[in-house]
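Undergrad: I'd like to ask some things about the structure below.
The values are calculated or read from the model by the stated rules, or taken from the named source; none is laboratory data. This is a predicted model, so every value here is computed, not measured. Virtual Cβ from ideal backbone geometry, glycine too; neighbours counted across all protein chains shown. For the accessible areas, the whole protein counts, side chains as well, though only heavy atoms, and no ligand, DNA or RNA atoms are used. Shrake-Rupley method; radii C 1.70, N 1.55, O 1.52, S 1.80 Å.
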2 protein chains.
Amino acid sequence: MSVHIPVVEKITKANDQIAELNRSLLDRHGVLGLNLLASPGAGKTSLIERTLPLLAGRLRVGVVDGDIATSLDAERAAAAGAVSVQINTGGSCHLDAPMVRTALEKLPLADLDLLVVENVGNLICPASFRLGTHFNVLVASLPEGDDKPFKYPTMYRGVDLVLLNKMDLTAHLDFDEGRFREGVRALNEDVDILPISCRSGEGLDAWSQWVEVRAAEGRIAAES
Amino acid sequence: MSVHIPVVEKITKANDQIAELNRSLLDRHGVLGLNLLASPGAGKTSLIERTLPLLAGRLRVGVVDGDIATSLDAERAAAAGAVSVQINTGGSCHLDAPMVRTALEKLPLADLDLLVVENVGNLICPASFRLGTHFNVLVASLPEGDDKPFKYPTMYRGVDLVLLNKMDLTAHLDFDEGRFREGVRALNEDVDILPISCRSGEGLDAWSQWVEVRAAEGRIAAES
C-alpha cells in the first residue's frame, strides 16, 4: 500500500495545475466561481434553487453539478433558471479540476457573472481537490450535529464561508450553536458563519449579498 | 492519472485478503460483526448509545470507532458500556480491513458476542472496502432527503439493512418515505428498511431483535 501516497501527490499536483487554468479562465471572463461543499442532504441544491430568484436580473448564473449518479440536481438548477451542466463522476467521491475544466468548456462564460460548482456530497475527499474557483462555501446543517467541525477538520479549515442551514429545525433538535461556532473558530478563525434556512428563507438575503459583493469585486478586477 | 486505477485494484485485493482473516477471527470467537455506515450526523453514535442498554445482560458488545480526528465517538460508546477502540484514520475517508485488524488485536474477542464497527461518516468511499464484518448496516436519516438512494447507489446496493433514523422529525420535513423505499428497492430488492428514532426510541426494539437473532445464529455456527 506504500505506493498509494506518491501517486496521490502526483495527481494532486496535476490537479492544481489545471485548477490554475480554470481560475484564469474565470478571471478572464470576470466570473465569480464558488465551490459549494456539504455532507449529503445538507441543502446544496435547495440553496441554489432558493438563491437564483434572489439574484435574477442582477447576476447571470451557471451551475456545474457533480454527482456520482443521476442528473437530478442539474435539472433542479436548470428549472430554477441557471445554465447548468451535469458531471457524473462515475463513482468518484469528489470533483477535481479536470472535471470542472470539461464543464467550463460547455458553458457560455462570456454571458455569466457567477458560476456555482455543486460538489459531491461528502465532508472529506472534496476538501483535498482545488477546482480553480474563488471561494469554498460549506453548507452545514443542524441535523448533522454540533460536533462536525471537530470531526471533519480538513473541510472546516479550508472554507471561506459556512452557511448553517435548516435553522427552522432549531426547536426540534439538540444542536448547540455555541459549541458549533467554537469548533469552527478553533480551525478557521476568520470565517463567517451565516445561519440560514432554505425552508423559511432566513438568512438568504445576507447570503445573496455576500455573493453579489464578491461578484462585483471580480468584475472590477477583470475590467481593470 | 491513468496509473490510479491499477493501484486502487491492488489495494482492494490486499484489503479483501485481510478482510477474510478478520472474518475468520470473528467466526472463531462466535462474534457477530456489523459495519455501521452513514452520512455524517445521521446518527451512528446515537444509535450505539441507545442500543447498548437494550442489549445489556444479553450480548457483550465491543465497538470500533473510525474517525478522521477526535475520539469523541469512542468515548460515547465506552460511556454507554461497550469495550471500545478508536481508530483515527489520519484523514482517510473510510475504514479498511487492516485498520480493523489492528483494532481487533486490542479487543478481548473471547469475551464478546457483538462487534460494531462505526465507519467514517461518508456515503461513498466506505462502500468500496470490505472489513470482514458479517453485515453492512446503513443508518439513513430523514433530513438527508428521500433522493439519497438514487444519488449514492453503490452504498445502497451493498447494505444488508437500512435503518431510517430521525422519524421524530417527520412532521417538520418534506420527506417522502414511499419515494425513499422505491429508491432503495430499485437497487437492493430484499433489504429490510426499519424506521427508527434514536430520540423517541421508535423502532429500536425491532432493531435490537434483528441484532440478537443474527448474533445467536453466529454463536450456533461457531459451536457446530
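Undergrad: Can you tally the net charge around B:Thr102? Count Lys and Arg as +1, Asp and Glu as -1, for every other residue whose Cβ sits under 15 Å from the Cβ of B:Thr102.
TA: In short, -2.
Undergrad: Just add up the charged neighbours of B:Leu59: K/R +1, D/E -1, any other residue whose Cβ is under 14 Å from the Cβ of B:Leu59.
TA: Result for the neighbourhood of B:Leu59: 0.
Undergrad: Suppose we compare each residue of segment A:52-97 in its chain alone and in the full protein complex with a 1.4 Å probe; which ones drop by at least 50 Å² of accessible area?
TA: By number: A:Ile68, A:Leu72.
Undergrad: Using DSSP H assignments, which helices in chain A have an axial alpha-carbon span of 15 Å or above and a mean Kyte-Doolittle hydropathy of 0.0 or higher?
TA: Within chain A the helices that satisfy the rule are A:44-55.
Undergrad: Scattering from the C-alpha atoms of segment B:38-197 alone, worked out with Debye: what is log10 I(q)/I(0) at q = 0.11, 0.12, 0.17 1/Å?
TA: Treating every Cα as an identical point scatterer, log10 I(q)/I(0) equals -0.44, -0.52, -1.04.
Undergrad: Using the Cα centre of the protein assembly as shown as origin and beta-carbon charges of +1 (Lys, Arg) and -1 (Asp, Glu), tell me which of A:Val83, B:Ala103, A:Ser200 is placed farthest towards the positive end of the dipole.
TA: B:Ala103
Undergrad: At A:Val213 and B:Ser224, where each label point lies 7 Å from the Cα along Cα→Cβ, what is the point-to-point distance in nanometres?
TA: Spacing of the two 7 Å Cα→Cβ label points: 6.9 nm.
Undergrad: Going by accessible area, probe 1.4 Å, with all protein chains left in place, what is the ranking of B:His29, A:His134, A:His94, largest first?
TA: Highest to lowest solvent-accessible surface, that is B:His29, A:His134, A:His94.
Undergrad: Follow-up. Could you work out the helix-only [θ] at 222 nm for chain A, with each DSSP H run of four or more residues adding -39,500 (n - 2.57) and the total divided by the number of residues, to the nearest 500 deg cm²/dmol?
TA: So the helix-based figure for chain A works out to -13000 deg cm²/dmol.
Undergrad: Moving to a separate point now. Are there any residues in segment A:105-147 with a reduction of at least 50 Å² in accessible surface when going from the isolated chain to the assembly of protein chains? Probe 1.4 Å, please list them by number.
TA: The answer is A:Ile124, A:Pro143.
Undergrad: Using a 1.4 Å probe and counting only protein heavy atoms, arrange A:Glu49, B:Glu144, A:Glu75 so the residue with the most accessible area comes first.
TA: Largest accessible area first, the residues go A:Glu75, A:Glu49, B:Glu144.
Undergrad: Right, next: When Lys and Arg each count +1 and Asp and Glu each count -1, what net charge do the other residues less than 15 Å away from A:Ile196, Cβ to Cβ, add up to?
TA: In short, -2.
Undergrad: Let me ask you something else. Could you order peptides B:211-217, A:145-151, A:117-123, A:161-167 by the average number of other Cβ atoms within 10 Å of their residues, highest first?
TA: By packing density, highest mean first, the sequence is A:117-123, A:161-167, A:145-151, B:211-217.
Undergrad: Related question: Taking the axis that carries chain A onto chain B, what is the nearest Cβ in chain A, and at how many Å, to the whole number?
TA: Minimum Cβ distance to the axis, with residue: A:Pro143, 2.
Undergrad: Binning at 10 angstrom from zero up to the longest distance, how are the C-alpha pair distances of segment A:171-224 distributed in percent?
TA: 19, 33, 33, 12, 3, 0
Undergrad: Moving to a separate point now. Measuring label to label, 7 Å along Cα→Cβ, what does B:Ala69 give against each other copy in nm, shortest first?
TA: Between copies, matching label points for B:Ala69 lie 3.3 nm apart.
Undergrad: Another question, if that's okay. With a cut-off of at most 13 other beta carbons within 10 Å, and DSSP calling the residue loop, which GluC sites (Glu not before Pro) in segment B:145-197 qualify? Please list them.
TA: For GluC sites (Glu not before Pro) across segment B:145-197 that sit outside H, G, I, E and B with at most 13 neighbouring Cβ atoms in 10 Å, the list reads B:Glu189.
Undergrad: From Cα coordinates alone, what are the radius of gyration and Dmax values for the protein assembly as shown in angstrom?
TA: 22.2, 80
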